[in-house]
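Beneath this line is the structure, given in structure tokens, with notes to follow.
The values are calculated or read from the model by the stated rules, or taken from the named source; none is laboratory data. Small disclaimer: the values here were computed from a predicted structure and weren't measured. No Cβ is skipped: glycine too gets one built from the backbone with ideal geometry, and neighbour counts run over all protein chains shown. For accessibility, only protein heavy atoms count, side chains too; no ligands or nucleic acids. Shrake-Rupley method; radii C 1.70, N 1.55, O 1.52, S 1.80 Å.
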Amino acid sequence: MSDGKRLAVLGAGAVGSSVVDLAVEYGHSVVAFADSSSAVTAADGIDADSALDRKSSDGVVGDDDPDAALSADYDVLVEATPTTLGDAEPGFSHLETALERDRHVVLANKGPVAERYADVRELERESAGEVRFEATVGGAIPIISTVEDLSPSHVTAARGVLNGTANFILSRMAAEGIDYEHVLAEAQDLGVAEADPTFDVEGTDAALKCVILANVLSEGEREFTLSDADVEGITNVPGSALELAAEDGRTIRLVGEATRDGIRVGPRLVPQNAALAVTGTRNIVQLETTHAGQLNLSGRGAGGPETASAVLGDVGRLD
Ligand code: HSE
């Protein structure tokens, strides 16, 4: 295990807040914490409870300007601001600033590695810092590190249920025979939905995760972005379709697939007893390997502490 690291955490949503809450338990200190309008910094570690209490009560984490976190003296920048499409800003610039200072970056924000993977790798090559992003795909499930362990060239495809919100909604729709609008608010209450939940129900979030997996599998041979993905969400799946599927021993899951040739995401009929038919916010990823058949990895794919455990796992992998 690596020595304790000094973390700067950007983003005070469910994931960033959980990283701040759990960092000390993992042997690290948080020297800076920022949301979009404020920051708190302390060279010997911030008071996490008081920053998190202040976020809940006043909507700010401290009295400093957010830029104070970026310029603090940290070892690892944890980028947990909301995922944005296109130029992946402001997450990309945060990453760039950290790498230019030869600091490591651990991403929970999918934008930089889904939309600007080649740029990220180029900046990383010029820096003494490393970029890790386990938390961007499948929450607590160690998918990226498993692909690294197997070696990307020995994984031909990654397929699975990669959006907890959509899966929770489909599971509830199947159980209750109701349409998705009625359970979206419930999913949002669980704290697993994206800041913009259309990302979840329209398949964008699952597609971004598949784009990241395709980029990892391709090892720089080809760069994928969201525009390469063929995506359909669950907004047009009526409750009656799930009822019909159930008559046949089947159900519907939002399944994504990434290979070196492309990315597809959409609702698929799967047998109710199939590995892909995970329920609730669970995710599953099936890795097709060249020499070891199929590897199934399943677990909690979303949530603050769950995703924070992946972030802190990445921090532990850094030198
Ligand atoms: N909104 C995502 C989900 C969170 O529901 O799976 C993890 O990326």
#### Entry: helices (runs of 4 or more DSSP H) contained in region 94-168 and holding at least 2 residues touching a residue at least 12 places away in the same chain (Cβ under 8 Å) and of a type in the set (V, I, T)
143-150
#### Entry: Candidates T83, T41 - the one that is within 16 Å of the ligand (Cβ to nearest atom) and of a type in the set (S, T, N, Q)
T83
### Task
Please indicate, with yes or no, whether at least one residue in region 232-251 is within 16 Å of the ligand (Cβ to nearest atom) and of a type in the set (S, T, Y).
yes
### Task
Return yes when R132 is away from the ligand (no atom under 12 Å from the Cβ), open to solvent by 40 Å² or more (accessible area, probe 1.4 Å) and in contact with a strand residue (DSSP E or B) (Cβ under 6 Å, 6 or more places away or on another chain) and no when it is not.
no
## Note on the structure
When (1) open to solvent by less than 30 Å² (accessible area, probe 1.4 Å); (2) over 15 Å from I143 (Cβ atoms); (3) in contact (Cβ under 8 Å) with a residue 40 or more places away in the chain are applied to D200, the one that fails is (3)
#### Entry: Residue in region 169-188 that is at pLDDT 85 or above, of a type outside the set (G, A, S), within 11 Å of the ligand (Cβ to nearest atom) and buried (at least 24 other Cβ atoms within 10 Å of the Cβ) present
yes
### Message
Just the residues that are within 16 Å of the ligand (Cβ to nearest atom), more than 15 Å from E115 (Cβ to Cβ) and modelled with pLDDT of 95 or more, please, taken from region 201-227.
### Response
E202, G203, A206
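If we only count strands (runs of 3 or more DSSP E) wholly inside region 1-92, which ones have 1 or more residues that are touching a residue at least 40 places away in the same chain (Cβ under 8 Å)? It would help to see each step written out before you state the result.
Details: elements: 6-10, 29-34, 39-41, 76-79.
Passing ranges, in order: 6-10, 29-34, 76-79.
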### Of the criteria (1) open to solvent by 20 Å² or more (accessible area, probe 1.4 Å); (2) more than 30 Å from H291 (Cα to Cα), which one R222 fails
(2)
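Is at least one residue of region 270-282 under 26 Å from V19 (Cβ atoms) and of a type in the set (G, A, S)? Quick ask: steps written out before the conclusion?
Pass one, region 270-282, residues under 26 Å from V19 (Cβ atoms): 278, 280-282.
From what's left, of a type in the set (G, A, S): 280.
Yes, there is a match, as at least one residue in region 270-282 is under 26 Å from V19 (Cβ atoms) and of a type in the set (G, A, S).
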### Query
Quick one: is L77 open to solvent by less than 10 Å² (accessible area, probe 1.4 Å) and touching a Phe, Trp or Tyr at 6+ places or on another chain (Cβ under 8 Å)?
no
### Query
If you check every pair at least six apart or on different chains, which have Cβ atoms under 6 Å apart with a residue in region 296-311 that is within 12 Å of the ligand (Cβ to nearest atom) first and a residue that is open to solvent by 30 Å² or more (accessible area, probe 1.4 Å) and in a strand (DSSP E or B) second?
E306/R300
### Message
Return the pair list, or none, for Cβ contacts closer than 6 Å from residues in region 226-250 that are surrounded by fewer than 15 Cβ atoms within 10 Å (Cβ to Cβ) to residues that are at pLDDT below 90 and not hydrophobic (A, V, I, L, M, F, W, C), at least 6 apart or on different chains.
### Response
E243/G177
### Message
T198 - would you say it is over 30 Å from S151 (Cα atoms), within 13 Å of the ligand (Cβ to nearest atom) and β-branched (V, I, T)?
### Response
yes
### Query
Can you name the residue in region 278-290 that is surrounded by fewer than 18 Cβ atoms within 10 Å (Cβ to Cβ) and modelled with pLDDT of 95 or more and, of all such residues, is farthest from the chain's Cα centre (by Cα)?
T290
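Have a look at A108, A118, A114 and point out the one that is at pLDDT 95 or above, within 21 Å of R222 (Cα to Cα) and surrounded by 17 or more Cβ atoms within 10 Å (Cβ to Cβ). Outline the logic, then answer.
Details: A108 fails: within 21 Å of R222 (Cα to Cα); A118 fails: surrounded by 17 or more Cβ atoms within 10 Å (Cβ to Cβ).
None of the other options fit; the residue is A114.
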